[in-house]
Amino acid sequence: MIEIQTTFQRAERYIPGGVNSPVRAFQGVGGVPIFFKSAHGAYMVDEHDREYIDYVGSWGPMIAGHAHPHIVEAVSACLKKGLSFGAPSLLEIQLAEKICKLMPVIEKIRMVNSGTEAAMTAIRLARGYTKRNKIIKFAGCYHGHADALLIQAGSGALTLGVPSSAGVPESVVQDTLVAEFNRLDTVRTLFEKHKNDIAAVIVEPVAGNMNCILPLPEFLPGLRALCDQYDSLLMMDEVMTGFRVALGGAVSRFGVKPDLMILGKIIGGGMPVGALGGRADIMSCLAPLGPVYQAGTLSGNPVAMTAGLATLELIESPGFHKQLEQKTGSLMDGLKERATAAGISLQTVAIGGMFGFFFTDQENIETYADVKKCNIDRFKKFFHGMLHEGIYLAPSAYEAGFMSSAHSEIEIINTWNAAEKVFAML
Ligand SMILES: *Cc1c(COP(=O)(O)O)cnc(C)c1O
């Protein structure tokens, strides 16, 4: 008897859920994930040689498109000189210098291996520096999967309907306070209640892990003012927005200075990377200078540093982000026009190379509660319709979409045409 096993079944046999990160599993949209074998420019190619226009971009890092020749050449040359030294190299200085120059709020920076690790370390550092324990995070914001931050978290946690994970002891999250994004009064209330116990506020300046939500004009300045008033630290998690919404990140765009910054994704150009940086006096509390411990076998390895440097070199070219934002805005405008023509209410958001769209009548999506009210069933149908047309969107209504410089007018028009077809069937 011939046993026919699908690729997904094969994956499920040895990998929990068949995936190495939950949101890849298609549980938010139904069906089984697609297995890819290569990617180039704006496209990804699946195991059956079918090409898709990709708006996931590996969840953010691929801002210059997949397998960009400049990055591939730089990494290839680097590989021949050794993969990891476990000792300092000039490449680490070069990337540190470049990031500090592009984001002047970062006076010193420490490289780690993921956004999760960076956020986890930033929390420890903020607690060590302020000698306080409590932190404030926002419902629907995601800062990786460190225990203290896995409470009302966004991204895959939202998609799977488990915003707070099992296995996180009550004692570990008792110092994590949750406020509502874009609602300063909820933050003020927490500060008034816990006054001098709050070490830091951690926020995604543009929320990108509960779809895509822009900060209201008073929100980030209000957080800065509250942190100043209560001597707490403001931590911005720009793992997603850094170098994506502008060359200088969301900080340059919104003009609010955090004390600590958390980075990842683009600064690794597709290799595993995270970083935390900020005020020199705070960063100097990290080992080996200070008492806050942190370490990493592969931190700052030459391959990741090279991929990051090559990516930043590309996006530093004049007009890069302006063009990217024009394309992202145009993609969303065209999508909305076609939805409207089909009698479907769609709200869209675009900033830099990042976008979001919501199936709802409500015009202003400002909070996690607003996102939860959107029509998820319609999103699922739209997702599968688009996939059928060869457009790969994030398989969840709670994720932002990503544009790269490799997406040209042709891909945008093809995406619109696909959407027009799919809207007609919703
Ligand atoms: C992706 C992301 C993280 C986690 O980064 P990993 O490298 O996946 O651990 C943290 N914060 C934000 C805002 C992110 O988008």
- With all protein chains present, region 163-302 has a carbon and sulfur share of its accessible area (1.4 Å probe) in percent of 55
- Message: Rounded to whole Å, give me the distance from the Cα center of region 176-220 to that of region 248-313.
- Response: 22
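Can you pull out the GluC sites (Glu not before Pro) in region 149-243 that DSSP calls coil and that have at most 14 other Cβ atoms within 10 Å?
Details: sites: GLU170, GLU180, GLU192, GLU218, GLU238; in loops: GLU180, GLU218, GLU238.
Listed in order of number, the matching sites are GLU218.
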- Query: Taking the Cα-to-Cβ direction at GLN362 and at HIS70 and moving 7 Å from each Cα, how far apart do the two end points lie in nm?
  - Reply: 4.1
- Relative intensity, log₁₀ I(q)/I(0), of region 69-315 from a Debye sum that treats every alpha carbon as a point, q = 0.10, 0.15, 0.17 Å⁻¹: -0.45, -1.02, -1.28
- How about region 284-374: which GluC sites (Glu not before Pro) there are in a DSSP loop, with at most 13 other Cβ atoms within 10 Å of their Cβ? GLU363
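After finding the eigenvalues of the alpha carbon gyration tensor for region 60-213, what semi-axes result from the square roots of 5 times each, listed largest first in whole Å?
Values: eigenvalues 222, 74, 50 Å².
Semi-axis lengths for region 60-213 are 33, 19, 16 Å.
Roughly what % of DSSP beta bridges within the chain run antiparallel, to the nearest 5? Don't jump to the answer; show the numbers that get you there.
Working: 26 of 44 bridges.
Percent antiparallel among DSSP bridges in the chain is about 60.
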- Mind checking the full-extension length gain between LEU426 and ASN20? Use 0.36 nm per residue of separation minus the Cα-Cα distance, one decimal, nm. 143.0 nm
- In debye to the nearest 20, the charge dipole size for the chain, taken about the Cα centre with +1 at each Lys and Arg Cβ and -1 at each Asp and Glu Cβ, equals 640
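Rounded to the nearest whole Å², what accessible area per residue is found for region 69-315 with the 1.4 Å probe? Before the final figure, lay out each step's value.
Values: 9530 Å² over 247 residues.
The answer is 39 Å² per residue.
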- Given backbone amide H placed at 1.01 Å from N, residues whose amide H is under 5 Å from that of ALA179, ignoring those fewer than 5 places away on the same chain, are LYS137, PHE138, ALA139
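What's the longest piece of the chain with no exposed trypsin sites (Lys or Arg not before Pro), counting a site as exposed if DSSP puts it in a loop and it has at most 16 other beta carbons within 10 Å?
Details: sites that count: ARG50, LYS80, LYS81, LYS131, LYS373.
Counting at most 16 other Cβ atoms within 10 Å as exposed, the longest clean stretch of the chain is 132-372.
Listed highest first by mean packing, meaning other Cβ atoms within 10 Å per residue, what order do 298-304, 66-72 come in? Could you put the intermediate results ahead of the total?
Details: 298-304: 21.9, 66-72: 17.4.
The most tightly packed comes first, giving 298-304, 66-72.
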- Message: From the protein chains alone at 1.4 Å, what is the descending order of accessible area for TYR293, TYR43, largest first?
- Response: TYR293, TYR43
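R0 = 60 Å: FRET efficiency of ASP46 with LYS131, Cβ-based, nearest 0.05?
Values: r = 52 Å, r/R0 = 0.87.
After rounding, the FRET efficiency stands at 0.70.
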- Cα convex hull of the chain: how many Å³ per residue? 150
- Message: Please compute the contact order of the chain in relative form: average sequence separation of alpha-carbon pairs under 8 Å and at least six residues apart, divided by the residue count, as a percent.
- Response: 22
- Query: Over the heavy atoms of ASP333, what accessible area does a 1.4 Å probe trace out, to the nearest 10 Å²?
  - Reply: 90
- Query: For region 414-426, what does the Karplus curve 6.51 cos²θ - 1.76 cosθ + 1.60, with θ = phi - 60°, yield as ³J(HN,Hα) per residue in whole Hz, taken in order and with x for Gly and Pro?
  - Reply: 5, 5, 4, 4, 4, 5, 4, 4, 5, 4, 5, 9, 6
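The values are calculated or read from the model by the stated rules, or taken from the named source; none is laboratory data. Computed from a prediction, not measured in an experiment: that's the story for all the values here. FYI the Cβ positions are ideal-geometry reconstructions off the backbone, even for glycines, and counts take in every protein chain you see. Heads up: the accessible areas ignore ligands, DNA and RNA and are worked out on the full protein's heavy atoms, side chains in. Shrake-Rupley method; radii C 1.70, N 1.55, O 1.52, S 1.80 Å.
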